[in-house]
Every structure is written in C-alpha cells, then in structure tokens.
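Scroll down for the structure; my scribbles are underneath it.
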Amino acid sequence: MKKRPGTRNHEQFYYTISQWVEGRALALIATLLVLAVIYQLLLLVPDLKKVMTTIDRLEGTPIHMQNINKDRVG
C-alpha cells in the first residue's frame, strides 16, 4: 500500500505534539504529587490543621481528651 504524499509530515507533527503533551502531563502529575505531600505534611501541624480543615470541629471531643476528663471526674 502506498503512502500518500505528506504523510511523513503528519507523522512527524503527531510525534512532536505527543511528546510535548506527554512532557506537560508528566510535569503536571509531578507537581500535583509534590503538592499533595506538602499538604499532608502541613496537616501534621495541629494549629494549621484547625485552619485547613473543618472536619475536626464537627467530630467532637477527641478520645484521648475524653479519657483524661473521665479520670478526673471519677
């Protein structure tokens, strides 16, 4: 089967574009991964965790605090 004239140009164009998209996608994935790790590390700081999330305020008293309060009352 004969290739049409200009097919080589289209193949080269596709290869160039796909390489560019692949590079951008890998950079985006790497950036998102680094941001996720940084965010998780910031959540380890209790004061920042209170500002960054609302779930702790909705959960109530932590278990270790309940145990301390029961020991004092009982």
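The values are calculated or read from the model by the stated rules, or taken from the named source; none is laboratory data. Keep in mind that this is a model prediction, so the values were computed, not measured. Surface accessibility is based on the protein's heavy atoms, side chains included, excluding ligands, DNA and RNA. Shrake-Rupley method; radii C 1.70, N 1.55, O 1.52, S 1.80 Å.
Taking all protein chains together, Val34, Val51 sort by accessible area into Val51, Val34, largest first [probe 1.4 Å]. Surface calculation, 1.4 Å probe, protein heavy atoms: Asp56 sits at approximately 50 Å² accessible.
The heavy atoms of Glu11 offer some 80 square angstrom of accessible surface to a 1.4 angstrom probe.
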